[in-house]
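For reference, the structure is listed below as structure tokens.
All of the numbers you see were taken from the coordinates with simple rules; none came from a lab. Since the model is a prediction, treat every value here as computed from it, not as a measurement. Positions of Cβ are generated from backbone atoms using ideal geometry, with glycine treated the same way; all protein chains shown enter the neighbour counts.
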Amino acid sequence: MNLNSAVHEKGEISIAELIEKIKVNPRFSEAGAIAIFIGVVRGKTKTGEKVEKLEIEAYEEKANEVLRSISEDLKKHEGIVDVQIHHFLGEFKVGEDLVYVLVAGSHRQNVFPVLAEAVERYKKEVPIFKKEYVVNKSGERKSYWVSELERD
């Protein structure tokens, strides 16, 4: 199982496995904090449509390359021990986990800004594509791919 920053099929890894991976990092003794972001499927779109499910796809080879690059870049920040970004692919219901971002560092003041930067960067830089299946206000069911500029 690949526990480096990457895209994974839904259910392939757990947050507990990723925390354990960070704890076996040879530099973990320098850490005093692990910050975690878990992105989940929201039940409404920005325009108020009810989300029934999401379908997530990626240009996997490039997505893995970019996720690893972001993680390696962010590990260079002062006080940072490890950065992991794991995005899931597949079909998801409202409330299901989509992405895990973990940052370990010496102090909370080190990890929170890097966690925020990791989330913003993967959203802007990684070729991951989201198809929303929604019900609009008049009850009509439809689906559409969300452009990268609209992702949040």
Rg/Rh over Cα atoms for the chain, Kirkwood Rh, comes to 1.01
For residue 23 and residue 125, calculate 0.36 nm times their separation in residues minus their Cα-Cα distance, and state this gained length in nm to one decimal.
-> 34.0 nm
Taking the mean number of other Cβ atoms within 10 Å as a proxy for protection, how do you rank 11-17, 74-80 from highest to lowest?
-> 74-80, 11-17
Those residues of segment 31-73 whose amide nitrogen sits under 11 Å from the label point placed on residue 137, 7 Å along Cα→Cβ = 47-49
Output the relative contact order of the chain, whole-number percent, from Cα pairs under 8 angstrom with separation of 6+ residues.
-> 31
Label segment 51-122 by shape, choosing from rounded, prolate and oblate, from the square roots a ≥ b ≥ c of the eigenvalues of the Cα gyration tensor; if a/c is under 1.5 it is rounded, and otherwise prolate applies when a/b is larger than b/c, oblate when it is not.
-> oblate
Set 44/75; 21/142; 21/50; 23/131; 50/76; 93/137 screened for pairs whose C-alpha atoms are more than 29 Å apart = 44/75; 21/142; 21/50; 23/131; 50/76
Spin-label point model (7 Å from Cα, Cβ direction): what's the residue 57 to residue 15 distance in nm?
-> 2.9
Quickly rank 84-94, 18-28, 52-62 as a protection proxy: mean count of other C-beta atoms within 10 Å, highest first.
-> 84-94, 52-62, 18-28
Just in segment 97-142: which GluC sites (Glu not before Pro) are loop by DSSP and have at most 13 other Cβ atoms within 10 Å?
-> 140
